[in-house]
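The values are calculated or read from the model by the stated rules, or taken from the named source; none is laboratory data. Because the structure is predicted, anything quoted here is derived from the model rather than measured. Cβ coordinates were reconstructed from backbone atoms using ideal geometry, including for glycine residues, and neighbour counts include every protein chain displayed.
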Amino acid sequence: MQNNSPILTISNLNFAYEKELILLDINLNVYEKDFLVLIGPNGGGKSTLMKLILGLLPAPSKSIKIFSTTSKKVLSQIGYVPQNTNINLNFPIKAIDVVMMGAKEDKTTALAVLEEVGMQEHTNTKIGLLSGGQRQRIMIARALYNKPKILLLDEPTSNIDVDGQEQIYQLLKELNKEMTIIVISHDLSVIMKYANKVAHIHKRVTFHSLESLKKEFTTEDKHICEVELLQMLGKVQ
Amino acid sequence: MIEALSYEFMQNALIAGLLVSFIAGIMGSLIVVNRMVFLAGGIAHAAYGGIGIALYTGLPIFLGTTLFAIVAALFMAIVTLKQKENIDIFIGLIWATGMAIGIIFVDLTPGYNVDLMSYLFGSILAVSREDIIFMGLLFLIILIVLKLWYRELLAVSYDSEYASLSGINVKFFYTLLLVLSALTVVIAIKVVGLILVIALLTIPIYIAQRVAHSLLSMMFISGFIASFFTLVGLWLSYSFNLTSGACIILVASISLILFILLKGLK
C-alpha cells in the first residue's frame, strides 16, 4: 500500500520552550490517505508537534518536510481545526463567514464545504447560536475551504457529546477517502475503529501501524483490551 | 432645540458628536471583540502624560497628546505580542505612569493649570472647526482601512492563530488596531472627554453585539446607537443646562439598563 514516498516527513526533530524540552528526536513518516492518531499524556507534546507542522511554532530547519519541501508555500495545502472552538461565542459572525475567513471570498466553495459537513442549513446562523458539535463542523468546513491535502485536527471531539463525536469521526472517515488525516485524540475506540496508524507522543514518539497491533491485542472473544493497548502504545519498541 | 442650532458652537457640537459616535462605534466594535477595552482605557489615560508634556514644552497640545498616545499604543503592542500573560500589569503601568507624568509636568508649568475635569468629561460645546477637521480625517482613515482590510481585521479579531495560518500579518493588524484606538481616544479626549469615550466604546457595542449578524453591521449599528445617545444627551444638556458628557453617559446607561430588562442578560 505504501510504495509511494511519504507526504510528511519529520526527522530528528527536537523542540524546547525556553529550556524545557518538549519533543526529543521525533521521527515520523506520514503517507497519502493515512489516518494517523496522535495520542499521549497531556503536556506530552502532541499539540506542540501539530503547531510545528503548521509553522505556528518555529521548527528547526529541514526537520519537517511536507510534500518533500520545507517551503512555507505548501502550508496552504494543510487544513487545521484547532482545539478550542468555544472562543468568542458572542462574536457577531455567520457560519459562512467563519468558513471563508482569511481567504478569498468564494460563496460557491463555501456552500459546497458546508454541505460536505452537513451544515448547509446553518449557512447564515450566528456562530454562537450553534451547538458544540455543529460549531466543530463549521471549523472543519473552514479547514476544507482551501481544498487541503492533509487535515490536522487537535482533539476535535473534546467538547462534544457521544453522538456528536461519532458523527464527527464518520465525517472524518469520509474525508479520509480524499485526504490524509492527522488527529489528536484520547479516545481509543476511535483509534481502533478509524485509524490506520498511531503515534504515541510523550517527549519521544512511539509509532505503530494498527494492522499488526489489532491482531496482537484481540483476545479470543475478539474484544480488544483498551488498558493493555494503551500501555502497549506507550512502550518504546 | 431648533433655535439652538443657529449657534455655530451648537452646530459644531452636533457634527462632532456624530463623528465621534461613528468613530467610537467602529473602533469600539473592534476593541470589544478583541477584548482590548482596558487596553484602550490604559492608552487613553496614558495620553494625559502627553497633555502635560505639551503644556510644559509649549508644543501644540493636540500634537503632544497624539505622539504620546501612539508611543503608548506601540509599547502596548510590543508587550502584548511578546508577553501576553502579563498584559494586565502593563496596562496598569502605562495607565498610572502616563497620568503621573502628566500631573508632574502640569505642576512644573508656570502659571497655567489645565482643568482635569475637562480632560475627563471634555467640553463638546467648545469644539472648534479645526477639531472637526481632525475628526473627519480620522473617520476617513478608518473607513479606508475598513475598505482595504476588513476581511483581514475580521480574521485577526475572530481567530488570530488561524489568521496567521492564512498568511495574514497578525502583528501588523494588531498594531494598526492599537494605533487607531489611540488616535480615536486622542481626538475624543478634547471633545467629549476620556470617560465618555470609554462609555461610547462599550455601551453601544454591547447592545449592537446582541442584534448584529456581522462585525461590519455591528460597527454601524453601534455608530447609530451612539449617535442617538449623543443627540439625546446634548438635547437634555441644552434644555436643563447640565454637563453634556454626563448627560450623554446617563442616556447611554439608562438605555442599556432598559435593553437588558427587555432582552435579559446573556
Picked from the range A:75-92 (must be farther than 30 Å from residue A:33 by Cβ and surrounded by fewer than 15 Cβ atoms within 10 Å (Cβ to Cβ)), the residue farthest from the other protein chains (Cβ to nearest Cβ) is A:86
Among the listed residues A:95, A:16, identify the single one that is of a type in the set (A, V, I, L, M) and either buried (at least 20 other Cβ atoms within 10 Å of the Cβ) or within 14 Å of another protein chain (Cβ to nearest Cβ) (or both). A:95
Search result, residues across the range A:32-69 that are closer than 18 Å to residue A:149 by Cβ and without any contact (Cβ under 8 Å) to a residue 40 or more places away in the chain: A:55, A:69
Of the residues B:212, B:199, which single one is among the small types (Gly, Ala, Ser), more than 14 Å from chain A (Cβ to nearest Cβ) and more than 24 Å from residue B:4 (Cα to Cα)? B:199
Which of the residues spanning the range B:165-195 are at the interface with another protein chain (Cβ under 7 Å from one of its Cβ atoms) and free of Cβ contacts under 8 Å to residues at least 12 places away in the same chain? B:165, B:166
Tally up the residues in the range B:160-182 that are among the hydrophobic types (A, V, I, L, M, F, W, C) and within 8 Å of the chain's Cα centre (by Cα), please. 1
What's the number of the condition residue B:264 fails, among (1) among the small types (Gly, Ala, Ser); (2) more than 13 Å from every other protein chain (Cβ to nearest Cβ); (3) in contact (Cβ under 8 Å) with a residue 24 or more places away in the chain? (3)
Testing residue A:156 on (1) modelled with pLDDT under 90; (2) touching a strand residue (DSSP E or B) at 6+ places or on another chain (Cβ under 8 Å); (3) surrounded by fewer than 20 Cβ atoms within 10 Å (Cβ to Cβ), one condition comes back false. Which one is that? (3)
Report yes if residue A:181 is aliphatic (A, V, I, L, M) and over 21 Å from residue A:101 (Cα atoms), otherwise no. yes
I'd like to verify a number: residues in the range A:54-69 that are surrounded by 15 or more Cβ atoms within 10 Å (Cβ to Cβ) and farther than 18 Å from residue A:142 by Cβ, how many? 7
Flag for residue B:103 being in contact (Cβ under 8 Å) with a residue 12 or more places away in the chain, of a type in the set (A, V, I, L, M) and buried (at least 19 other Cβ atoms within 10 Å of the Cβ): no
Write out, first by first residue and then by second, each pair whose Cβ atoms fall under 9 Å of each other, whose residues are 6+ apart or on separate chains, and whose first residue, in the range B:144-157, is within 12 Å of chain A (Cβ to nearest Cβ) and closer than 14 Å to residue A:87 by Cα while the second is hydroxyl-bearing (Ser, Thr, Tyr) and outside any helix (DSSP H, G or I). B:155/B:166
Taking the residues in the range A:162-180 that are among the β-branched types (Val, Ile, Thr) and either surrounded by 18 or more Cβ atoms within 10 Å (Cβ to Cβ) or under 12 Å from the mean Cα position of the chain (by Cα) (or both) as candidates, determine which candidate is farthest from residue A:29 (Cα to Cα). A:168
Out of A:204, A:137, sole residue that is at pLDDT 75 or above and either within 22 Å of residue B:159 (Cα to Cα) or not basic (Lys, Arg) (or both): A:137
So which residues in the range A:48-59 are assigned to a loop (DSSP other than H, G, I, E, B) and either touching a Pro at 6+ places or on another chain (Cβ under 7 Å) or more than 10 Å from chain B (Cβ to nearest Cβ) (or both), if there are any at all? A:57, A:58, A:59
For residue B:238, all conditions in the list (1) buried (at least 16 other Cβ atoms within 10 Å of the Cβ); (2) hydroxyl-bearing (Ser, Thr, Tyr); (3) within 24 Å of residue B:43 (Cβ to Cβ) hold save one; what is the number of the exception? (3)
Exactly one of these conditions fails for residue B:245: (1) touching a residue at least 24 places away in the same chain (Cβ under 8 Å); (2) within 13 Å of another protein chain (Cβ to nearest Cβ). Give me its number. (2)
